[in-house]
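What follows draws every value from the coordinates through simple rules; no lab data is involved. These numbers come from a predicted model, not from an experiment. When we count neighbours, we look across all protein chains shown, and the Cβ atoms used for this are built from the backbone with ideal geometry, even at glycine.
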Amino acid sequence: MKQYQVSTAEKKFIGSHLLVAILALAVGSLFGPLQAFEHAGWDFYPYLRPLIKSYYQGLTVHGVLNALVWTTFFIMGFLTFNVIFGLKRPLKNPVLNKVGFWMMVVGVVTAAVPILTNQATVLFTFYPPLKANWAFYVGLTLVVVGSWVEGWGLFTTYLAWRKENANERTPFIAFASLITTLLWQICTLGVATEILTMLLPWSLGLIEGVDPQLARTYFWFTGHPLVYFWLLPAYISWYAFLPKQAGNGKMFSDTLARLAFWIFLILSTPLGFHHQYVDPGVPPAWKFIHSMLTFGVFFPSMMTAFTVVASLEHGARKNGGKGALAWIGKLNWSDPSVAAQLLAGILFFFGGIGGLANASYNINLVLHNTAFIPGHFHLTVATGVTLSFMGISYWLLPYLTGKKLWQPKWATIQAWAWFVGMIIFSNSMHVLGLLGAPRRVPLNLAPYVPAEWNSRLIQVGIGGAILFFSGFIYLLVMLKTALNKETVETEVEVPVAESLQDVSLTPEWLDRWAPWIYGTLALIVVVYGPVLFDLIKNISLTSPGFRVW
Amino acid sequence: MSTQKMHIDVYERNWLIFSAILLVLFATAVSVAAFGMGIQVPAPEQRVDPRTVATDPSSPWSNPGLREIAPGKYDAYILAHAIPNWEYLPKELTVPAGSVVTFYVTSSDVQHGFKIQNTNANFMVIPGQVSKLTIHFDKPGTYNYICTEYCGSGHGVMYGAITVTP
Amino acid sequence: MAKKDKEDDEFRPTGTIAVLAIFVVTLIAIWATIYVILVQRGGTL
């Protein structure tokens with residue numbers, strides 16, 4: 001059976017997302033290892049001074065480009081593909097999607113100018129009253145609004161499909177992608193409010209001051225679901241693509257996979273206070289409630305862990321896999337796309353463990369803003385997500401361009417190098433955090449660093465060096481593939497796993513939108529409403545801006 | 001619609017039940033530490049005006065430092081600031097072992113952090129707000145307090161120290 | 001409609017349980033280690 005044909009124009013459109021994403025990763029990843037090298041005592045920043053003024057400017061570039069630009073562009077491209085291919089129908093209003101995409105591109109360029117000229121060295125959390133140049137906030141707004149517009153393009157496409165297919169279950173990859181898009185639209189209301197009501201008018205000189213505690217609260221309304229916006233596309237790939245790629249496995253439970261995505265929609269947003277456990281302006285009772293809800297959102301990840309591993313096992317057993325663990329060897333490790341995603345998944349398990357520790361209310365007193373935190377999110381967003389996206393691109397780029405993947409062997413080496421480098425980097429960061437090392441500090445220069453941290457700091461640098469090598473190979477493979485003269489004979493098969501269970505048996509209530517959306521909004525109002533109401537009622541715009549970098 | 005009952009594999013169902021029990025256990029342990037052992041996170045204390053908090057004579061942070069409020073019990077008013085040179089005021093505190101110190105920390109400019117090494121004091125310092133936690137210093141030694149939130153180019157050198165004398 | 005293989009019906013995810021058991025043991029060990037650090041560092045009230 002011939003697979004659904006995505007039009008050349010749409011392939012180009014999806015591909016242009018990948019292009020921006022990978023360019024951002026190329027620049028942003030340059031600075032990651034520089035931070036790690038600094039920790040180890042190999043400080044290159046003095047030599048970069050004509051271009052990059054400080055460690056913190058480098059850290060801002062790294063955070064904004066890797067955590068915000070690489071992810072958002074890759075995700076919007078991948079979700080767009082999933083909706084088109086899943087629904088087997090072209091975009092309803094391609095112009096809408098294009099407008100959104102170009103808004104995002106203009107936004108990135110607008111924000112890049114102040115960042116690169118040291119006018120916005122505020123890191124990717126841009127906590128006021130650190131005050132960046134207005135163009136930084138305008139740029140971020142354009143990226144967010146552009147992603148909304150692209151999302152609306154996906155929603156109208158779904159509505160058109162629904163009209164044409166009144167009684168069908170939404171195919172899983174489209175279904176999960178639409179939920180991810182919706183989650184993003186709801187949660188970004190926080191950061192949009194922060195920028196539009198406070199930071200932008202303030203940076204333009206229209207208002208004198210801001211309320212930093214309220215700004216943080218708006219920020220983390222978006223900040224945690226942002227994590228799920230990064231993660232869910234990787235989950236989509238693990239649920240629906242990876243089992244097929246790794247050994248022709250089937251998706252173990254279509255029902256639970258869908259239920260997991262609904263729970264993510266409901267629970268991702270109303271738990272932002274777990275980033276504010278040690279903020280002075282939020283009552284502990286609400287912090288505790290958010291911590292319990294955070295435990296709740298761990299639950300669909302446990303569902304995901306089971307379903308994904310079982311789907312992989314299903315394929316491996318059919319290919320002769322034996323034993324309690326030996327079947328893992330029967331997975332298709334020689335495919336770089338598979339190796340990358342499996343390794344990403346393995347490290348993500350550990351990211352989940354650290355995340356649960358962070359989420360555990362007062363345990364945050366041990367971990368808050370220590371090196372444990374970047375250690376943790378380099379296992380989640382920088383491996384679980386990023387290495388998976390790299391793996392996805394190993395089939396997606398050949399699919400979109402018709403070019404053969406350049407040197408799959410090198411792609412496999414890339415994945416393993418990322419895995420090894422990240423283990424070394426992340427393990428030492430976690431340990432440093434438990435010993436009390438703060439994050440966001442050039443530790444080589446900090447006067448309070450005891451000698452017992454030194455061996456760990458060197459490991460951070462070694463891990464960074466291996467990651468630098470891996471990142472370089474990734475860019476090389478992408479570039480060489482895009483320019484490859486060798487083309488694929490037939491269109492690359494999109495590896496979508498079938499469901500083990502008959503999809504028409506998936507309950508209908510899992511395909512209805514309204515009740516879940518109302519539930520999501522209601523829960524947000526209940527667990528954010530009282531605190532936000534109080535903070536807004538007592539708003540004190542008493543903080544003028546500071547440029548202290 | 002009788003065919004549309006939810007089908008869940010028995011292994012998977014048991015896994016989910018087990019996960020739920022595990023999370024309940026963790027939640028219980030956390031609650032015991034919080035409500036039984038008094039290991040709590042900061043609560044709203046008071047609001048201040050960051051523009052005048054360091055200069056207004058009626059503000060305790062215009063004269064930061066230790067106040068002994070009862071034998072062995074202290075209030076420590078600490079001001080964090082990036083301007084002019086990324087430091088805490090005071091930079092050093094000395095208390096005898098066995099002291100109970102309640103920290104009141106605020107900022108006169110940007111956001112900072114405040115983490116006393118080897119204790120559970122670790123919180124945000126936010127302009128306009130006052131962060132408060134109480135720590136029991138039983139073991140003699142030097143406890144650095146370090147800034148844990150990016151506050152500009154001097155963030156990495158911002159710290160102070162509490163000396164606990166025998 | 002997905003074709004149902006006979007082996008699909010008989011498939012029991014025992015390996016999955018093994019993988020998840022390792023995960024859970026690690027999870028409990030790491031989480032408990034940090035919890036012990038928290039408790040040792042003492043109260044804040």
Give the average, rounded to an integer, of partner chain Cβ atoms located within 10 angstrom of each Cβ in A:429-436. 2
Shielding by partners, peptide A:254-265 (average Cβ within 10 angstrom, other chains): 1
Given axes a ≥ b ≥ c from the Cα gyration tensor, I'd like to know whether chain A is rounded (a/c under 1.5), prolate (a/b larger than b/c) or oblate. rounded
Amide N of the range A:485-521 lying under 12 Å from the label point, which is placed 7 angstrom from the Cα of A:Trp333 along Cα→Cβ: none
Among the range A:129-172, those whose backbone N falls under 18 Å of a label point 7 Å along Cα→Cβ from A:Gln185 are A:142-164, A:170-171
Between the alpha carbon centres of the range A:127-151 and the range A:300-359 the gap in Å comes to 37 Å
Just to confirm the number: angle between the C-alpha axis of helix B:10-31 and the first principal axis of chain B, 0 to 90 degrees, nearest 10? 20 degrees
By the C-alpha gyration tensor axes a ≥ b ≥ c (rounded if a/c is under 1.5, else prolate when a/b exceeds b/c, else oblate), the shape of the range B:60-165 is prolate
What FRET efficiency comes out for A:Tyr4 versus A:Val95 if R0 is 30 angstrom and r is the Cβ-Cβ distance? Round to the nearest 0.05. 0.85
If each residue of separation counts as 0.36 nm, what is the full-extension length gain between A:Ile536 and A:Lys163 once their alpha-carbon separation is subtracted? 130.1 nm
Measure off 7 Å from each Cα along the Cα-to-Cβ vector at B:Ala70 and A:Trp102, then give the distance between these two points in nanometres to one decimal. 7.0 nm
Could you order the peptides A:124-131, A:199-206 from most to least packed, using the average number of other C-beta atoms within 10 Å per residue? A:124-131, A:199-206
For the pair A:Leu521 and B:Asn14, how long in nm is the line joining their label points, each one 7 Å along Cα→Cβ? 4.3 nm
In range of the label at A:Leu476: residues from the range A:412-444 whose backbone nitrogen is under 12 Å from the point 7 Å along Cα→Cβ: A:412-414
Grab the beta carbon distance between B:Thr94 and B:Glu45, set R0 = 35 Å, and tell me the FRET efficiency rounded to 0.05. 0.90
If packing is taken as the mean number of other Cβ atoms within 10 Å per residue, what is the order of B:42-54, A:504-516, A:457-469, highest first? A:457-469, B:42-54, A:504-516
Counting sequence-distant residues (5 or more places) and residues on other chains, those with an amide H built under 5 Å from that of A:Val210 are A:Thr542, A:Ser543
CD proxy, 222 nm, chain A: helix-only mean residue ellipticity via -39,500 (n - 2.57) per DSSP H run with n ≥ 4, per residue, nearest 500, stands at -22000 deg cm²/dmol
FRET efficiency (A:Leu51, A:Glu208; Cβ distance; R0 41 Å; to 0.05) is 0.75
The distance between the Cα centres of the range A:54-120 and the range B:115-131, in whole Å, is 35 Å
Suppose every K and R has +1 on its Cβ and every D and E has -1 on its Cβ; what is the size of the dipole of the range B:60-165 about the Cα centre, in Debye to the nearest 20? 160 debye
What is the spin-label model distance, in nm, from A:Glu508 to B:Ala27 if the labels are put 7 Å beyond Cα along the C-beta direction? 3.3 nm
For chain A, list the DSSP H helices whose alpha carbon atoms reach 27 Å or more along the long axis and whose average Kyte-Doolittle value is -1.0 or above? A:8-40, A:94-116, A:134-164, A:212-236, A:284-318, A:336-359, A:408-435, A:454-482, A:514-537
Distance check, please: which entries in A:Lys2/A:Lys88; A:Lys11/A:Lys330; A:Lys88/A:Lys244 exceed 23 angstrom between their Cα atoms? A:Lys11/A:Lys330
To the nearest Å, what is the center-to-center distance of the range A:169-228 and the range A:403-465, using C-alpha atoms only? 30 Å
